[in-house]
Structure formats: C-alpha cells, structure tokens
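Contents: one structure, followed by commentary.
The values are calculated or read from the model by the stated rules, or taken from the named source; none is laboratory data. Just so you know, these numbers come straight off a predicted model, no measurement behind them. Cβ: placed from backbone, ideal geometry, glycine included. Neighbour counts: every protein chain shown.
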C-alpha cells in the first residue's frame with residue numbers, strides 16, 4: 001500500500017502534501033511541534049502532531065538496538081572461529097602422536113640389480129614434462145555487476161532500473177542542501193522565496209520539475225533523510241528528490 005500523505009497548518013497556511021519522511025525531517029528540525037495540526041490526505045479532520053510523536057521518534061530509539069545486534073553477531077562469529085581453530089589444532093596433535101608412536105623398521109634391505117634398473121627407469125619416466133598453461137575464463141568483475149551507494153556496500157543494477165516518478169508536483173535539486181531548503185521554504189509558506197530559489201535553479205540547471213510516470217534511474221540514496229538521487233533515462237544530470245516520488 002502507498003504511504004499516506006500529510007497536510008499541516010503553519011502560520012495559518014495549509015502546507016502539503018508531505019511524506020512521512022518529510023514530516024520526520026521537519027520534526028527533527030523542530031519546525032513542527034506536538035501542537036502543530038495535521039490531517040491525512042483525503043480527510044478533513046485536523047489532529048495534533050502529538051499523536052505521531054512515538055512514530056516520529058522511532059528511528060532514534062531503534063538505532064542502539066541495531067548496533068547491539070551487530071555487535072552480538074560479530075562476537076558470535078569470533079567465538080565460532082576460535083572453536084574451529086582449537087578443533088584443527090587438536091586433530092593435528094593426534095595425527096602427530098600417532099606417527100611418532102609407530103615402531104620403526106630397523107632392518108636394512110639391499111636392492112638387487114634388477115630392482116636398481118627398475119628404479120632408474122621409473123625415475124626417467126617420472127621426470128617433469130612441460131605442460132601447456134591451463135586456460136581460465138575471466139569472470140565479470142564485481143564493479144561491473146554492482147554500483148556503490150552512499151550507505152556503504154553496493155546496490156545491484158536490478159534495483160536501479162525501471163523506476164518511475166509517480167504523481168505530479170515532484171521536483172528535484174542538484175544537492176541535498178538545496179532540496180531541503182526548497183522544502184523548508186514550502187513548509188514555512190514563504191512562496192516568494194520558494195519561487196525565487198526554484199527559478200534561479202531552473203536557469204542554472206540545479207533544479208527541475210518531474211513529470212508523472214517519467215522514467216528515472218536511481219544513482220544514490222539517503223534513507224535516513226528520506227531522499228534519493230535520480231537521473232532521467234538518457235540524461236546525465238542528477239537530482240535529489242523525495243524517496244516517495246520514486247516507485
């Protein structure tokens with residue numbers, strides 16, 4: 001199901017629609033408080049933001065738990081490695097003890113002339129021969145199969161293809177700072193500042209408006225900020241926009 005969109009009242013002006021990621025960003029910058037009124041899209045009932053406080057604060061509460069899980073997994077892996085190392089040493093020691101306790105054969109045997117000839121013939125047949133080098137088929141490099149992401153690790157090409165802008169009124173900016181500033185002006189209801197900054201960016205190519213169902217490719221993500229960097233198919237210009245705009 002698509003995520004709900006929100007409208008808020010600020011300084012007597014209704015602003016929206018806003019995604020939950022944008023609501024969390026405004027909450028983190030204290031631009032909305034528990035007294036701010038909001039409503040869901042397609043609803044007319046206004047409610048206080050205090051009803052969303054537990055959800056807005058949730059990422060901060062879950063971060064330590066995730067860190068603890070990672071530390072626990074790492075510690076368990078170290079213990080497994082230590083156990084394997086002790087087991088290998090024990091097996092090697094038992095093999096060494098078994099070899100040293102075998103009785104040695106003290107009898108001396110003198111090979112006959114026929115045996116000596118057989119050994120000499122065997123040594124000549126076992127002499128090393130030049131062999132052609134083995135052919136190896138190079139595999140595709142990991143760099144060719146994957147692309148880096150700003151969150152570390154890599155993201156498969158399959159996850160970066162076939163994305164579409166869903167909905168109208170979505171815009172983008174060449175940097176996260178510029179995009180967040182446009183959102184801030186919009187939420188503050190300062191339409192004059194918003195239009196001035198947007199028009200300046202359109203002239204320099206730093207801002208853009210996306211069309212509904214427009215095909216894009218994902219170049220980078222910033223999950224905690226709720227933003228994604230995309231570029232249009234066949235174009236090299238890259239823009240940051242809301243994660244909710246891409247489906």
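Residues that are more than 31 Å from the chain's Cα centre (by Cα) and assigned to a loop (DSSP other than H, G, I, E, B) within the range 25-52 comprise 33, 34, 35, 36, 42, 43, 44, 45, 46, listed in sequence order. Reported count of residues in the range 189-233, each being touching a strand residue (DSSP E or B) at 6+ places or on another chain (Cβ under 9 Å), assigned to a loop (DSSP other than H, G, I, E, B) and without any contact (Cβ under 8 Å) to a residue 24 or more places away in the chain, is 1. State which residue is modelled with the lowest pLDDT when the search covers only the range 1-54 and only residues that are exposed (fewer than 13 other Cβ atoms within 10 Å of the Cβ) and closer than 23 Å to residue 176 by Cβ. Filtering the range 1-54 for residues that are exposed (fewer than 13 other Cβ atoms within 10 Å of the Cβ) and closer than 23 Å to residue 176 by Cβ, the one modelled with the lowest pLDDT comes out as 3.
In a strand (DSSP E or B) and touching a strand residue (DSSP E or B) at 6+ places or on another chain (Cβ under 8 Å), is that true of residue 22? Here the answer is no, as residue 22 does not meet what is asked.
Taking each residue of the range 37-59 that is in contact (Cβ under 8 Å) with a residue 40 or more places away in the chain and assigned by TED's automatic domain parsing to the domain that holds residue 24 and looking for partners that are part of a strand (DSSP E or B) and surrounded by 12 or more Cβ atoms within 10 Å (Cβ to Cβ) with beta-carbon atoms closer than 6 Å, six or more apart or interchain, yields 49/38.
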